[in-house]
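The values are calculated or read from the model by the stated rules, or taken from the named source; none is laboratory data. Keep in mind the model is a prediction, meaning the values are calculated, not measured. No Cβ is skipped: glycine too gets one built from the backbone with ideal geometry, and neighbour counts run over all protein chains shown. Side chains included, ligands, DNA and RNA excluded: accessible areas come from the protein's heavy atoms. Shrake-Rupley method; radii C 1.70, N 1.55, O 1.52, S 1.80 Å.
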Amino acid sequence: METDPLKLAWNAVQTPVKTNKELSSMLIESKHPVLKGIRKQFTIEIIGWSVFLLCYYTMFDGDQKPIAINILLVVSLLFALIHNVLGYNFSKNLINGGTIKSSLERYLSKIKVYATVSISSRAFLITGFLVFFTYNIHFTTGKYVLLAGVIAVSMVQLRWLFLLWTRRLKVLNNTIMEFSVEKETQ
């Protein structure tokens, strides 16, 4: 007779029965809800950045700026798009190990690199935009204040992104440590 009410409640829950066909269909990339959301965001970003790249040369006087600055802007945008593609592929292949712990350890080592690339790509994108849009501008006090504001907002965003990744890595590391503690107590 079980005296723990939590165990009693857990054992009383009816597990929905899924066939192998249903489980397989849930794993198909086009049906996966998280990957679907990532694809949607990625599609919107590709369209937005592509429209920007098609228009920047004439609308934002790219033709009047040196080729090196135009290349810096385009490369920083391409780097951000490549980062998104890598993130999507990274999200598709999360399980890679014989046990949950080994899979999480591999995931942690990969996500550390991805976090660094994520922060770097954002910093590179911000740098590309700032260099492009501030080139050949005659700065006044008001424009310096505006530029300082843009840089401050950018630094806050980069700091927030850094803290977000730090928190994610800490949670993942703690989860792996819990697996180690559970194994030692058994």
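Among the residues of segment 105-147, those that are among the polar types (S, T, N, Q), in contact (Cβ under 8 Å) with a residue 24 or more places away in the chain and open to solvent by less than 50 Å² (accessible area, probe 1.4 Å) comprise 118, 121.
Of everything listed in (1) surrounded by 15 or more Cβ atoms within 10 Å (Cβ to Cβ); (2) among the aliphatic types (A, V, I, L, M); (3) within 28 Å of residue 46 (Cα to Cα), the single unmet condition for residue 156 is (1). Do the conditions hold for residue 175, that is, is it touching a residue at least 24 places away in the same chain (Cβ under 8 Å) and farther than 30 Å from residue 53 by Cα? In short, yes. Of the residues in segment 93-101, at least one is more than 18 Å from residue 35 (Cβ to Cβ) and in contact (Cβ under 8 Å) with a residue 24 or more places away in the chain. When every residue of segment 71-92 is checked against the conditions, none turns out to be basic (Lys, Arg), touching a residue at least 60 places away in the same chain (Cβ under 8 Å) and open to solvent by less than 70 Å² (accessible area, probe 1.4 Å).
So in segment 166-186, with the set limited to residues that are under 12 Å from residue 108 (Cβ atoms) and charged (D, E, K, R), which one is modelled with the highest pLDDT?
Among residues in segment 166-186 that are under 12 Å from residue 108 (Cβ atoms) and charged (D, E, K, R), the one modelled with the highest pLDDT is 170.
Scanning segment 148-165 for residues that are in contact (Cβ under 8 Å) with a residue 12 or more places away in the chain and either in contact with an Asp or Glu (Cβ under 8 Å, 6 or more places away or on another chain) or closer than 30 Å to residue 105 by Cα (or both) yields 157, 158, 161, 162, 165.
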